[in-house]
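Student: The structure follows.
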Amino acid sequence: MIHVLDEILVNAEHLPAVLTLLQERNLGDSSARGLALLNRWVSPPVAIPGESNTLWLLWQLPDVFAYYGMRAAAGLEVIEFWSAVDQLAHRRRRHVLTDAEQPLPEPLECRDAV
C-alpha cells in the first residue's frame, strides 16, 4: 500500500477556498487516476484570521505501480488545480509513504549498478 500525504500551509481565511477547489476540481480526477482520499485534517484545530493552518490530505494507492501510473496519467487539469492551490497557499509538500515494516525492494537498475 502507498500513502501520499499532502501538506499545504495556508492562511485560515483561504482554507475554505482550498477545500472547495479540492471538491470541485480534483476529487473526480484523482479518483479516476486511482487515488482514494482517506482523510483531511487541519492543524491547529482553530482558524485564526491572519494566521496559517496546515491542511493535510491523506491519499491511498494500492501499490507502487499504481503510484507511478497515477503520476503518468496526470494531465492539464492536475496542473491547473495545483496552480490554483499555489495562489492561495504559502507552501505545499508531498510525502510518499509505505509501511516501515515492509519497504519495497530496490528497483532492478539500482541493484544492477552495484
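Student: What ranking do 49-61, 28-40 get when scored by the average of other Cβ atoms within 10 Å per residue, highest first?
Tutor: Values: 49-61: 16.2, 28-40: 14.2.
Highest mean packing first, the order is 49-61, 28-40.
Student: Now for a different question. Measure nothing fancy, just the Cα-based angle from helix 15-25's long axis to the longest principal axis of the chain, in degrees from 0 to 90, nearest 10.
Tutor: The answer is roughly 50 degrees.
Student: May I pose another question? What does the chain give for Rg and for Dmax, in Å, if only its C-alpha atoms count?
Tutor: Considering the chain through its Cα atoms, Rg and Dmax are 16.1, 54 Å.
Student: At 222 nm, what helix-only mean residue ellipticity would the chain give, in deg cm²/dmol to the nearest 500, using -39500 (n - 2.57) for each DSSP H run of four or more?
Tutor: Values: 5 runs with 46 residues, N = 114.
Only helices count here, giving -11500 deg cm²/dmol.
Student: Once both axes come from the Cα atoms, what is the angle between helix 64-73 and the longest principal axis of the chain, in degrees from 0 to 90, rounded to 10?
Tutor: Once rounded, one gets 60 degrees.
Student: Tally Lys/Arg at +1 and Asp/Glu at -1 over every other residue whose Cβ is under 13 Å from the Cβ of V10; what's the total?
Tutor: On the way: positive: R40, R91, R92, R93; negative: D6, E7, E13, E51, D86.
Here the charged neighbours net out to -1.
Student: To the nearest 10 degrees, how steeply does helix 76-88 sit against the main Cα axis of the chain, on a 0 to 90 scale?
Tutor: For helix 76-88, the angle is close to 40 degrees.
Values quoted throughout were computed directly from the atomic coordinates according to the rules given, and no laboratory measurement underlies them. Only a predicted model underlies this, so the values are computations on that prediction, with no experimental measurement involved. Cβ sites come from the backbone with ideal geometry, for glycine too, and all protein chains shown count toward neighbours.
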